[in-house]
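Below is one structure, written out as structure tokens; the observations come after it.
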Amino acid sequence: MSASTKRPKPDPVSAAPREIELKLELASGTAEDLLAHPLLDKARPLAKQSGQLHAVYFDTEDHALHHEGLSLRIRRRNGKAIQTIKAEGPNKGIAMDRGEWETPVDGELDLSAAAGTPLEKLIADEDLLAGIKPAFTVETDRRAFEAKLDGAVIEVALDRAKASGKGDKSVTFSEIELELRQGHAGALFALARRLSEAAPLRLSTVAKSERGYRLLDEGTLHPYRAEKIKLSKDATCAEAFQVIARSCLVQMVQNEALVRLSQDPDTLHQMRVGLRRLRAAISLFKNQLLTDSESAEIRDNLRWAGQALGAARDLDVFIERLRSMDDARPEPSQMEEIERRREEAYKDLLETLESRRFMDVILQTAAWIEAGTWTTSGEGRKSARQSNARDFAEAELSRRFKRIRKLAKHLRDVGDEERHELRIRIKKLRYGTEFFASLFTSGKASKRRKVFSSLLEELQEHLGNLNDLAVGGSLAMYLPAVSPKRLERQREKLLDKSVASLSALSKVDPFWL
């Protein structure tokens, strides 16, 4: 590490340039297919940004920078070295919106340039500072262009890259980076959709640095769980929906990439949770914002995607249920048949994830969230978009809670379909509670919300078990025979638990009021 002369601390606002970037993977075809697209055929080549790039990423042994959402690298090109610090924004989105600080260096780290960046506070710890060392490298062959679309200027980079960790561990990948230089972020998604006409493109949320860290984690891939939603107290309805929807789609896309690698049941579950959260968010905001035909098409597409994930996930849950049974289990031959059906379901799922239709649905949804018709349609909808998100949350949560209370009064008298409908309403209210939690942060509201969320989760589980009893489906033949009396006792026990939880929920003061 060089002992460079310390630089004056820059103004934190002016020194925090943003990098707004969209990443795509070329699912099939070649870069030449993309280059033949009229938008790139007419694009201006950027010789200075093209060529061979050699990057060294730095961190501590326990990846302290990475855990704080930071990356630190030195990238060399044509004999020049640039040090870059990047910091994740407060809300992860499909388009990477990160703080970025670049400094020309002589080839070694110059951490005096961390002044005024999020890294400054971290390296104030002398032990941590002393532990920063090279972690992995990324070699990139880049072809860069400047494209213009909808008044925006976008830098397009076609990268063929290789990340290398310790020993002989490495991974080769191809990606397309669209970086906004001027204009609105929605243009990135518009350009992505146009380019997908030439070759299948898969939305990606994996930065080059993340690929390197995955090598360091000994190949262990963990499901990506939803991060807490952070909404500004003065957020508009449109701003709140975008923050929420981005978070849901990120959860889905992050796990989709892992499902293709591992076929892990927990990862598929988290992918499905991300999709369900997104559909719940759309339902919550539907009457307020999403009344146009494009939004209806998105809802239909996501319903199809949900159905595509269902078969494999249902078999995962069923197998887990069978393995947990102590009293009786299917015969070995039956378990083999169930496992075979699971393999077939995952094969079908992977084919769906690799299909042009699925990739287009995800890309279209991302573009819709950022710049769909709903964001601009009609002067009559403008006031709805600009209305206060907290006021909307109070009204919407109250309306849904009132409906649940009404249905709950007759829980024992209604049929299985009505109870299933109640479960879906409860699930949407639980997701809404998570989405809007950051708008109600007083001590009293937080305590009420914890109790409220716990009861909703409890109810969802009880009603889900009731639904499992009601809907045996095609897998019922593999379950040990259970007498009708025993089934009825199980049903009554679950009904008692559901009624008790609903009674407790009805007495809870709403945390949003």
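The values are calculated or read from the model by the stated rules, or taken from the named source; none is laboratory data. Model, not experiment: these values are computed from the prediction. A quick note on method: Cβ atoms are made from the backbone with ideal geometry, for glycine too, and the neighbour counts reach across all protein chains shown. The accessibility values were calculated without ligands, DNA or RNA, using every heavy atom of the protein model including side chains. Shrake-Rupley method; radii C 1.70, N 1.55, O 1.52, S 1.80 Å.
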The stretch 199-265 accessible area per residue, 1.4 Å probe, protein heavy atoms, integer Å², reads 38 Å²
If unit charges are put on Cβ atoms (+1 for Lys and Arg, -1 for Asp and Glu) and the dipole of the chain is taken about its Cα centre, the option from ALA395, TRP368, ALA226 lying farthest towards the positive end turns out to be ALA395
Taking a straight Cα-to-Cα line shorter than 17 Å from LYS409, and setting aside same-chain aspartates and glutamates fewer than 8 residues away, one finds GLU417, GLU418, GLU421, GLU492, ASP496
Diffing the stretch 235-245: the Karplus 3J(HN,Hα) column from phi (6.51, -1.76, 1.60, θ = phi - 60°), in whole Hz with x for Gly and Pro, holds 4, 7, 4, 4, 5, 4, 4, 5, 4, 5, 5
For the chain, longest principal axis from Cα atoms; helix 293-323 axis from its Cα atoms; angle between them, nearest 10 degrees, is 70 degrees
Going residue by residue through the stretch 393-404, the Karplus relation 6.51 cos²θ - 1.76 cosθ + 1.60 with θ = phi - 60° gives ³J(HN,Hα) values, rounded to whole Hz and with x marking Gly or Pro, of 4, 4, 5, 6, 5, 5, 4, 6, 5, 4, 5, 5
Filtered hits (aspartates and glutamates, Cα-Cα < 18 Å from LYS166, offset >= 8 within chain) -> ASP59, GLU61, ASP62, GLU139, GLU210, ASP217, GLU218
In degrees rounded to 10, the 0-90 angle between helix 186-195 Cα long axis and the longest Cα principal axis of the chain is 90 degrees
Once the in-chain neighbours fewer than 8 apart are removed, the lysines whose Cα is under 17 Å from LYS42 read LYS148
Per the helix-only model, the chain has a calculated mean residue ellipticity at 222 nm (DSSP H runs of ≥4, -39500 (n - 2.57) each, divided over all residues, rounded to the nearest 500) of -16500 deg cm²/dmol
Between ALA135 and residues 5 or more places away or on another chain, the pairs with built amide H atoms under 5 Å apart involve TYR57, PHE58, ASP59
In order over the stretch 421-427: 3J(HN,Hα) from phi, Karplus 6.51/-1.76/1.60, θ = phi - 60°, whole Hz, x for each Gly or Pro, gives 4, 4, 4, 5, 5, 5, 4
Interchain or sequence-distant (5+) residues whose placed amide H lies within less than 5 Å of the amide H of SER50 are ALA144
Rounded to the nearest 10 degrees, the helix 443-470 long axis (Cα) sits at an angle to the longest Cα principal axis of the chain of 60 degrees
Which residues qualify? For SER170, with a placed amide H closer than 5 Å and at least 5 residues away or on another chain, they are GLY165
